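Taking it in order: structure first as structure tokens, then the write-up.
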Amino acid sequence: MDYALDLLKKHRITEIGVTLQYLPETIMEHFGDGAECGVNLSYFIEEVPLGTAGSVKNAEDFLDEPFIVVSGDALTDFDLSRAIQYHREKKAMVTIVLTTVQTPLEYGVVITGEDGSIRRFLEKPSWGEVFSDRVNTGIYILEPEVLRLVPAGRMFDFSKDLFPMLLAEGAPMYGCVLSGYWCDIGNLQQYRQAHYDLLAGRVAVELPPAEQDIRTGAGTSISPTARLEGPVIIGEQCVIGPEAVIEPFTVIGDRVVVEEGATIKRSVVWDNTFVGRKAALRGALVGKQVVVGSNASVYEGAVIGDGTTLGERSVVKPEVKVWPHKTVEKGVTLHASMVWGTCTGKTLFGRDGVPGLANLEMTPEFAARLGAAYGASLSQGSRVVVSSDGSASCRMVKSALMAGVQSAGVSCLDLGDLVTPVHRFILPALEAKGGLHVKRDARNRDKIWVHFLDPAGMDITPGAARKVENLFWREDFRRVKEAEVGASEVLPHVADAYRDNLLAQVDVEAIQARGFRLVVDRHAPFLPEMVGLLWDTLQCRVEDFLVPIGETEPNFDAMKEMVSHLAREVVQREADLGVMMDHNAEQLILVDDQGRIVQEPFLTILISRLIFEANSGGVMAVPVTASRAVEQVAEQYGGRIIRTKTAPYAMMEAAVREEVRGSQGKYAQLGLQFDAIQAVVKLLDFLAARGLFLSELVSSLPEAYTGSQDTECPWEAKGKVMRTLIESEPPDRVELLDGIKVHRENGWALVLPDADEPLYRVFSEGFSQEIADELTNLYVEKIKSIIEDKEK
């Protein structure tokens, strides 16, 4: 319509009536009175559909002189002045603007005489009826008396009703053939082609100025490493990330975010859409406020409706249509259009609680609903503890969560900014019914987790999670009266209490006397300040280590890639050990004084040594993925290993049970394995008490040769993979505690379906590293083969 108004204005037609029926307010709000376009607009609304002629009849009082009718859904640059002049010269009652097309099957064909007079109409003819390549463009010049023949208040069409009537009566009707661009945007293919034609310069309309055939709006930011190849149009306030690729004939609306490594080719993307890392759009139409997850793919001719979420690694096949406000779960491949329902299992909870992309999936609205569901799962008048990792996005989500919780009549005790281990520590002392900690993902800083904790500071059970999830999906929220809304209170100095408690558990004087020298990574935002006071009290000499990459706060995967630099620093500075933690103090990597890196799965073996040497005959819980070396350590000290499922709550439950029984003593497993700060301090205490270097402790541990690898697997194939693997292995070699663990003569392999992602994780252990790697590869190939057979 903007282009139509520009064209009319260009030909000095400024008094314009607009006939409306579907969503009239949308058009009226956009154009107003037309002043911004330099025209005067009047609106005429149909209460019921009246057809093309009937809708113009509805504006009859406005049309008191010869007038021109232009379709609002056609894009053209025709010379309307020439058509008007032709109408006057022919003294016509009706002039129809005609144009020639290669394939007239979808249009109304018009046959004219040598003088231009119209002789016959053929509406959407077959090839046997195509007697002309001149078609009706829907642009008409009419004398006002024509409207007297149009009945008021009922369906009446120009081409089907009025024009055949006038032709039968012998009224002067002419066809004016114009050259130029014309596209009747009546289907998705034509809609897409209109964009391509505009970018190719085939339409004589004014576009924003271009630099190397690339047009960008105000406030748009493009990374220096992004690659753009024109013709391309990008709207205002967009962000094009590093290594992103925008290929020719792409149109991007306003406030669109294109993440690192994403590629867009010959696609139209509407406003406020998010395109995740390494996602790919190929000839697609993507509506507004769509979230395209990382590594998702949308292929040619596919259309994604407004407000839809495409999960990570999802695939939308060519020509598939997804109706608005749908959810396609990660890893799902859509072969057919989605009109009703959602392609999701409605799984809200993942490994660490409820995840979502910051301000895209994990929005304030979503968080408030989640908080209301959690509050409704507790008794009215209860109290819960809340905290966040201190980032702006997590603070926002925490505030929204609190509002939802309070709306259900549950009070909130706000601990402010801290890490998960501190939250776990303080929860039991506050006698709260549970806790909520909002944190960013260690591997993807755009992803937020809402971590749910029980009154003991452990992860909530699957049963409690299901209760919250059911309330959330049913929207079965408890709304209390104004006087019963939950209160909010701030509890300061929690970190101080955590530090004091931790120091009370170790021999501070022994650690001070040892004078440990540490090299500590400082990228996590709150850890340096919080842990710095501990190092000062313990009189450790700490030297900072900054990961040599361009990000001010890299994710933990990027940090792990730089651990070799940390190891080199430890050796060069003659330090006792190096320390690297994730920003939430839940994951830990150590470097001994000889530069050897200690990380999972070897870190669990090290922890087992601390537990069993200090508590002879103790018990330790480990997941089924842990190395058999922990059993060797346990046997050495008369201890015992309990194998659990891989979910954190399962190991926590078993560890706390043994802690309560007193089988772990000073070096309790829960703190060592789920609290990186406590693990380091307890390790210093252990080394100081025994006069050991970390390298001596590491050298005394049994060897472990392990492997792990992830392989993608569609959700719909996971069940078949499990069944086929079980059927293919001898029953006496298969263990089914969690996933499928196959014991072989030279080691074992565990095939574990991931609960959050469309993939399998394969773990292995062998008598040598070569055997471990062979076992991993063997079962990865088996999984791929089963998936291929299913697809066939």
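Tabulated data
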| read-out | value |
| --- | --- |
| Top-ranked residue of region 587-620 - restricted to ones that are surrounded by fewer than 23 Cβ atoms within 10 Å (Cβ to Cβ) and small (Gly, Ala, Ser), ranked as nearest to Asp675 (Cα to Cα) | Ala614 |
| Lone unmet requirement of (1) open to solvent by 20 Å² or more (accessible area, probe 1.4 Å); (2) under 18 Å from Thr363 (Cβ atoms); (3) among the aliphatic types (A, V, I, L, M); (4) touching a residue at least 40 places away in the same chain (Cβ under 8 Å) for Leu378 | (2) |
| Wholly enclosed helices (runs of 4 or more DSSP H) of region 484-553 bearing at least 1 residues modelled with pLDDT under 90 and surrounded by fewer than 20 Cβ atoms within 10 Å (Cβ to Cβ) | 527-537 |
| Residue within region 418-426 that is open to solvent by 10 Å² or more (accessible area, probe 1.4 Å) and modelled with pLDDT of 95 or more present | no |
| Subset of region 44-93 (residues that are in contact (Cβ under 8 Å) with a residue 40 or more places away in the chain and of a type in the set (Gly, Ala, Ser)) | Gly51, Ala53, Gly54, Ala59, Ser71, Gly72, Ala74, Ser81, Ala83, Ala92 |
| Index of the failed condition, Ala204 passing every other in (1) within 30 Å of Glu114 (Cβ to Cβ); (2) surrounded by 18 or more Cβ atoms within 10 Å (Cβ to Cβ); (3) aliphatic (A, V, I, L, M) | (2) |
| From the options Ala704, Ala688, Ala772, Ala717, residue that is in a loop (DSSP other than H, G, I, E, B) and either farther than 29 Å from Glu329 by Cα or not aromatic (Phe, Trp, Tyr) (or both) | Ala704 |
| Checklist (1) under 29 Å from Gly311 (Cβ atoms); (2) open to solvent by 10 Å² or more (accessible area, probe 1.4 Å); (3) at pLDDT 95 or above; (4) of a type outside the set (Asp, Glu) applied to Ser411, failing item | (1) |
| Qualifying residue in region 690-704 (condition: of a type in the set (S, T, N, Q) and touching a helix residue (DSSP H, G or I) at 6+ places or on another chain (Cβ under 7 Å)) | no |
| Residue list for region 445-470, restricted to those being of a type outside the set (A, V, I, L, M) and within 17 Å of Arg395 (Cα to Cα) | Arg445, Asp446, Lys447, Trp449, His451, Phe452 |
| Tyr760 among the aromatic types (Phe, Trp, Tyr) and part of a strand (DSSP E or B) | yes |
| Arg744 more than 30 Å from Gly353 (Cβ to Cβ), in contact with a His (Cβ under 6 Å, 6 or more places away or on another chain) and open to solvent by 10 Å² or more (accessible area, probe 1.4 Å) | no |
| Number of the exception - Leu357 against (1) touching a Leu at 6+ places or on another chain (Cβ under 8 Å); (2) at pLDDT below 90; (3) buried (at least 20 other Cβ atoms within 10 Å of the Cβ) | (1) |
| Total residues in region 292-302, condition touching a Gly at 6+ places or on another chain (Cβ under 8 Å) and open to solvent by 10 Å² or more (accessible area, probe 1.4 Å) | 4 |
| Cβ pairs under 7 Å, 6+ apart, first in region 383-406 and modelled with pLDDT of 95 or more, second hydroxyl-bearing (Ser, Thr, Tyr) and not in a strand (DSSP E or B) | Val405/Tyr374 |
| In region 257-290, residue nearest to Arg227 (Cα to Cα) [restricted to those that are β-branched (Val, Ile, Thr) and open to solvent by 10 Å² or more (accessible area, probe 1.4 Å)] | Thr263 |
| In region 619-678, residue modelled with the lowest pLDDT [restricted to those that are acidic (Asp, Glu) and over 27 Å from Gly766 (Cα atoms)] | Glu659 |
| Strands (runs of 3 or more DSSP E) wholly inside region 573-653 that include at least 1 residues being closer than 30 Å to Arg522 by Cβ | 577-581, 588-591 |
| Residue match in region 91-112 (condition: among the acidic types (Asp, Glu), farther than 23 Å from Arg192 by Cβ and at pLDDT below 95) | no |
| Neighbours by Cβ (under 7 Å, 6+ apart or cross-chain): first from region 162-179, part of a strand (DSSP E or B) and of a type in the set (Val, Ile, Thr); second surrounded by 23 or more Cβ atoms within 10 Å (Cβ to Cβ) and at pLDDT below 95 | Val177/Leu98 |
| Count of residues meeting criterion [more than 15 Å from Leu198 (Cα to Cα), among the β-branched types (Val, Ile, Thr) and crowded, with 22+ Cβ neighbours inside 10 Å] in region 244-256 | 2 |
| Cβ pairs under 8 Å, 6+ apart, first in region 436-456 and among the small types (Gly, Ala, Ser), second surrounded by 23 or more Cβ atoms within 10 Å (Cβ to Cβ) | Ala442/Asp582; Ala442/His583; Ala442/Asn584; Ala456/Leu427 |
| Criterion: out of contact with any Leu (no Cβ under 6 Å at 6 or more places or on another chain) and of a type in the set (Ser, Thr, Tyr) - qualifying residue of Ser387, Ser399 | Ser399 |
| Among (1) farther than 18 Å from Val622 by Cβ; (2) over 38 Å from the mean Cα position of the chain (by Cα); (3) open to solvent by 50 Å² or more (accessible area, probe 1.4 Å) - the single one Glu703 does not satisfy | (1) |
| Subset of region 457-495 [free of Cβ contacts under 8 Å to residues at least 60 places away in the same chain, over 30 Å from the mean Cα position of the chain (by Cα) and under 18 Å from Gly416 (Cβ atoms)] | His493 |
| Check on Glu300, on the phi > 0 side of the Ramachandran plot and acidic (Asp, Glu) | no |
| Filter result (assigned to a helix (DSSP H, G or I) and open to solvent by 60 Å² or more (accessible area, probe 1.4 Å)) within region 145-160 | Glu145, Arg148, Leu149, Lys160 |
| Every residue from region 296-340 that is part of a strand (DSSP E or B), farther than 23 Å from Tyr191 by Cβ and touching a Cys at 6+ places or on another chain (Cβ under 9 Å) | Thr327 |
| Matching residues, region 211-231, being out of contact with any helix residue (DSSP H, G or I) (no Cβ under 6 Å at 6 or more places or on another chain), closer than 22 Å to Asp6 by Cβ and open to solvent by less than 50 Å² (accessible area, probe 1.4 Å) | Arg215, Gly217 |
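The values are calculated or read from the model by the stated rules, or taken from the named source; none is laboratory data. Model, not experiment: these values are computed from the prediction. Every residue, glycine among them, receives a Cβ derived from its backbone with ideal geometry; neighbour counts consider all protein chains shown. Just the protein is used for accessible areas: all its heavy atoms, side chains included, with ligands, DNA and RNA removed. Shrake-Rupley method; radii C 1.70, N 1.55, O 1.52, S 1.80 Å.
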